[in-house]
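Some notes on the structure that comes next.
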Amino acid sequence: MKRLISRTMFYQAVFSSVLLLISAPFFYGLMQYIYRHQTDETLTHRSQYFVSNTLPHLQSSNIAEWNRTNSDQRISLPERPFYRPFFCDTFMIDSAEMETEPYRILYTPIRIDGEQYVLRQRLSLLEREDAIRGIVGIYMGLLVCLLAGLYLINRRISKILWKPFYDTLAYIGHFDIEQPDLHKLPDLPIIEFNQLNQAINSLIAKNSRSYFNEKEFVENAAHELQTPIAVFQSRLDVLLQKPPFTNEQAATIQSLYVAAARLSRLNKNLLTLAKIDATNYHDIQQLNLNECLQSTWSNFSDQAENERIKVAFFLADDTMISANPDIFELLLNNLFSNAIRHNYSNGSIEITLKGKVLEVSNTAIAPELPAEGLFHRFTTFNTQTKGNGLGLAIVAAICKKCRWGIRYSYRNFRHSFIVSFAETDL
Amino acid sequence: MKLLIVEDESMLAQSISDCFSGEGYICEIAVTYAEGLEKIMQYEYDCILLDVMLPGGSGITLLEEIRSLQKPAGVIIISARNALEDKVSGLKTGADDYLTKPFHLSELSARVYSVIRRKKFESVNVIKEAEVEIDLLAKTVHVHDRHVVLTKKEFDLLLFLVSNRNWVSSKSALAEHLSGDTADMFSNHDYVYAHIKNLKRKLSEAGCADHIKTVYGMGYKWET
């Protein structure tokens, strides 16, 4: 995975380098051409100057003298006759540098005292190595400056121009449909980003609406079910007053009571789940964990004793937490009932409090539970125990709501649910 | 004792009426807000059971009417909504108790009994039932002036059964009364039997007749 900016930069760098590489020979050629042209012009001027100014005064006896004083111009006899000036390139030894240097030479036919002579004028040409070195130097410098410039500009662009994009990304990253951020993504002056934000806003709006519709539906459905369940249960209570019953009838009534209780609990749990997020548990109190654990357990002690399940408390010194007592009791109720329901006769439950970490562990028939989906609704692993598959979902929803940590662990044939009331402890 | 049941679900109203008629109450049923208001204006009741969501108006508004008319009746709200705010607002408006649907008739009956007792016989804190005397303040029980030592749960059970005299309370109703909201987390309520057994033993040791009858293992009844 690469960042968009490094991709852009890569292409820009490749393009710049290729462009510079290809253009370098052209540049070299052009430079050579211009320089040679300039040299030719200078030589032509000099030759014209010589012809018009010097030649009229020059006599054949002065030629040797003149040649000595002018190093770059020489008059000599022609090797073969010619009638037009012409240029030619040659290498000559430069006495100062002891190197062969390229020279441009202009041969001009002249007449001195009626005799045919040749004026040879030379001008040093740009040395190829020097030229290439210079060009390479310039181009390297250019490339470095270009890349550095591109890098800086791109980085700045990505910081400034792409900022709204990163803001949007962070917004989506932190979005939680259960606790939606009420402010929307802003309108932006850049068309693409604005489209992105609008698309995300409408996506979120649609999803939130259907999420809350579903939630409202569950809540309404559960509310509407309360009354028929109440009718069902009350008719059973009335029926119970009219014995005698056969054993079969009695068994039927008893099983209807069980069904009514399960229905009622299922409905209550659905309502609770639907309402945890929406409810504001404003009333935050300082709760003594030891006291809460023991008083909540007292509602379960009969049930545990009936199943001959032993309970052991391992409590620390008085630990206080800030929480809403109702939601906290709901959490404990679900953890405790879970520990009893999935236990076996003569099993045990351990309730351990270490600092702000509560662990409820129990023996159970079931082997280690898969972590996947454990806290999802209606995930049941054991068909024998009559849970409704909502208890752990409620536990998870409460922990999420209160920002407590929750995890499951399995050691020594014991299932443990560990709740951390200080977020960082887990 | 006169009872008004304001409940739009006629089957439920009928069950409640069946329950209280059997215990000697005179029950009247109103199924709408208007009907309820009319009955409240015209007659005196000892206790009014109010559903919150009624055709034609809210039970809470009806409760405000009852209080503004200075009616002495005890009021118990029966609602499908168990949100805490509803409960608090109902009690603030002047309800004496609040019960969430679904409920057991014996629980309702015990609440009604308690509300009427508080309203009518404010100074009396001792219930005399057959040879048993229950002191509600001291939470003590005497049989033929002999003190019977009961656990808290046994005491609650006895009071509940006596409040529901001659009415069979189901095992789940008793379990819910003892363990509160957590009872219906389990389908097995056999532990109620253990408490009943201990209570019966302690009462009979004190010389009390066997008033607690078991009905097919499904429920218990205080019979006089």
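Just so it is clear, none of the values below were taken in a lab; they were calculated from the coordinates. Keep in mind that this is a model prediction, so the values were computed, not measured. Virtual Cβ from ideal backbone geometry, glycine too; neighbours counted across all protein chains shown.
Helix A:163-173 versus the longest principal axis of chain A: what angle, 0 to 90°, nearest 10, using Cα atoms?
20
Exactly which trypsin sites (Lys or Arg not before Pro) in region A:288-369 are in a DSSP loop and have at most 13 other Cβ atoms within 10 Å?
Those satisfying the criteria are A:ARG308.
Would you mind getting the Kirkwood hydrodynamic radius of the protein assembly as shown from its Cα pairs, rounded to one decimal in Å?
33.7
Average projected area of the Cα convex hull of region A:175-279, in nm²?
Averaged projected area of region A:175-279's Cα convex hull equals 8.5 nm².
Helix B:59-68: angle to the longest alpha-carbon principal axis of chain B, degrees 0 to 90, nearest 10?
Between the helix axis and the principal axis of chain B, the angle is about 90 degrees.
Using the Cα centre of region B:2-120 as the reference point, and only Cβ charges (+1 on K/R, -1 on D/E), how large is the resulting charge dipole? Debye, rounded to the nearest 20.
It works out to roughly 500 debye.
In region A:326-372, which GluC sites (Glu not before Pro) fall in coil by DSSP and have 14 or fewer other Cβ atoms within 10 Å?
Counting only loop positions with at most 14 other Cβ atoms within 10 Å, the GluC sites (Glu not before Pro) in region A:326-372 are A:GLU368, A:GLU372.
If R₀ is 35 angstrom, what is the calculated FRET efficiency for the pair A:ASP318 and A:HIS376, using the beta carbon separation as r and rounding to 0.05?
Once rounded, the FRET efficiency stands at 0.50.
Compute the normalised compactness of region A:285-425: alpha-carbon radius of gyration over 2.2 N^0.38 Å, N being the residue count.
Working: Rg = 14.2 Å, N = 141, 2.2 N^0.38 = 14.4 Å.
That works out to 0.98 for region A:285-425.
What Rg and what Dmax come out for region A:4-154 when only alpha-carbon atoms are used, in angstroms?
In Å, with Rg to one decimal and Dmax whole: 23.5, 81.
Using Cα pairs closer than 8 Å and at least 6 residues apart in sequence, work out the relative contact order for chain A, in percent.
9
So how much slack lies between A:PHE10 and A:SER345, counting 0.36 nm per residue of separation and subtracting their Cα-Cα distance, in nm?
Values: separation 335, 0.36 × 335 = 120.60 nm, distance 6.93 nm.
Net length gain for the segment: 113.7 nm.
Which of the aspartates and glutamates could be linked to A:LYS215 by a straight reach, that is with a Cα gap under 18 Å, when you skip same-chain ones fewer than 8 residues away?
Cα-Cα hits under 18 Å: A:ASP176, A:GLU178, A:ASP181, A:GLU224, A:ASP277.
Would you be so kind as to identify which of A:SER60, A:HIS223, B:TRP222 lies farthest towards the positive end of the dipole of the protein assembly as shown, taking Lys and Arg as +1 and Asp and Glu as -1 on Cβ and the Cα centre as origin?
The one lying farthest along the dipole's positive direction is A:SER60.
For region A:4-154, give the magnitude of the charge dipole about the Cα centre (Cβ charges: +1 Lys/Arg, -1 Asp/Glu; no others), in debye to the nearest 20. Intermediate results must be reported in sequence, preceding the final value.
Numbers: 13 positive and 15 negative charges, 85 e Å.
For region A:4-154, the charge dipole is close to 400 debye.
Give me the percent of DSSP beta bridges within the protein assembly as shown that run antiparallel, rounded to the nearest 5.
Among the beta bridges of the protein assembly as shown, antiparallel pairing accounts for roughly 75 percent.
Run the paramagnetic zone check for A:LYS310: 7 angstrom along Cα to Cβ, then residues of region A:337-376 with backbone nitrogen under 19 Å.
Under cut-off, by backbone N: A:339-353, A:360-365.
Can you give the mean number of other chain Cβ atoms that lie within 10 Å of the Cβ atoms in peptide A:256-267?
So the per-residue partner count for this stretch is 5.
Run down the lysines and flag those whose C-alpha is under 24 Å from the C-alpha of A:LYS159, throwing out any fewer than 8 positions away in its chain.
Cross-link targets: A:LYS2, A:LYS184.
Name the longest site-free stretch of chain B, where the excluded sites are chymotrypsin sites (Phe, Trp or Tyr not before Pro) in a DSSP loop with no more than 16 other beta-carbon atoms within 10 Å. Write down the numbers at each step before the final one.
On the way: sites that count: B:TYR43, B:PHE121.
Of all site-free stretches, the longest is B:122-224.
Once both axes come from the Cα atoms, what is the angle between helix A:289-298 and the longest principal axis of chain A, in degrees from 0 to 90, rounded to 10?
With both axes taken from Cα atoms, the answer is about 40 degrees.
Within a 10 angstrom radius of each residue's Cβ in B:95-107, how many Cβ atoms of other chains show up on average? Whole number is fine.
Per residue, the number of nearby Cβ atoms from other chains is 5 on average.
Rule-of-thumb check for region B:126-222: C-alpha Rg over 2.2 N^0.38 Å?
Its radius of gyration relative to the 2.2 N^0.38 Å reference: 1.03.
Could you check the simple spin-label distance between A:ASN207 and A:HIS37, using points 7 Å along Cα→Cβ, in nm with one decimal?
6.6
Counting only the backbone N, which residues of region A:97-113 are under 13 Å from the spot 7 Å out from the Cα of A:GLN59 toward its beta-carbon?
A:113
In whole Å, what three semi-axes, largest first, describe the equivalent ellipsoid of region B:46-194 built from its Cα gyration tensor (square root of 5 times each eigenvalue)?
30, 21, 11
Under a crude label model (7 Å from the Cα following the beta-carbon direction), how far is B:LYS213 from B:VAL126 in nanometres?
Label at B:LYS213, label at B:VAL126, 2.9 nm between them.
What is the Rg over Rh value, at two decimals, for region A:72-227, using alpha-carbon atoms and the Kirkwood definition of Rh? Could you put the intermediate results ahead of the total?
Values: Rg = 41.3 Å, Rh = 24.5 Å.
Result: Rg/Rh = 1.68.
Give the residue from B:TYR98, B:LEU199, B:ILE76 lying farthest towards the positive end of the charge dipole for chain B; charges sit on Cβ (+1 for Lys and Arg, -1 for Asp and Glu) and the dipole is referred to the Cα centre.
With unit charges placed on the Cβ atoms, the residue in question is B:LEU199.
Could you work out the relative contact order of region B:126-222, using alpha carbon pairs under 8 angstrom and six or more residues apart, expressed as a whole percent?
30 percent.
For A:HIS45 and A:LEU20 in the same chain, what is the full-extension length gain: residue separation times 0.36 nm, less their Cα-Cα distance, in nm?
That works out to 5.4 nm of additional length.
With point charges of +1 on the Cβ of Lys and Arg and -1 on the Cβ of Asp and Glu, referenced to the Cα centre of region A:285-425, which listed residue (A:GLN286, A:LEU353, A:PHE413) lies farthest in the positive direction of the dipole?
Of the listed residues, the answer is A:PHE413.
Only Lys, Arg, Asp and Glu count, each charged at its Cβ (+1, +1, -1, -1), so figure out the dipole size of chain A about its Cα centre, rounded to 20 debye.
The calculation lands at about 680 debye.
Can you tell me, using C-alpha contacts under 8 Å and at least 6 residues apart, the relative contact order of region A:314-379 as a whole percent? Numbers along the way, then the final one.
Numbers: 54 pairs, mean separation 20.8, N = 66.
Dividing the mean separation by the residue count of region A:314-379 yields 32 percent.
Using r as the Cβ-Cβ distance of A:GLU99 and A:VAL144, and R0 as 35 Å, what FRET efficiency do you calculate, to the nearest 0.05?
It comes out at approximately 0.70.
Over the whole of B:173-185, what's the average partner chain Cβ count within 10 Å per residue? Rounded to a whole number, please.
6
Which order do B:GLU107, A:GLU65, B:GLU65 fall in if you start with the one that has the fewest other Cβ atoms within 10 Å?
A:GLU65, B:GLU65, B:GLU107
Say R0 is 30 Å: what FRET efficiency, to the nearest 0.05, do B:TYR193 and A:LYS275 get from their beta-carbon distance? Intermediate values should be presented prior to the final figure.
Details: r = 35 Å, r/R0 = 1.17.
Calculated transfer efficiency: 0.30.
List the lysines whose alpha-carbon lies under 28 Å from that of B:LYS202, not counting same-chain residues fewer than 8 positions away?
Reachable lysines: A:LYS310, B:LYS128, B:LYS139, B:LYS152, B:LYS153, B:LYS171, B:LYS213, B:LYS221.
With just the Cα atoms of region B:1-71, tell me how far they stretch along each of the three principal axes, in Å, largest first.
31, 24, 15
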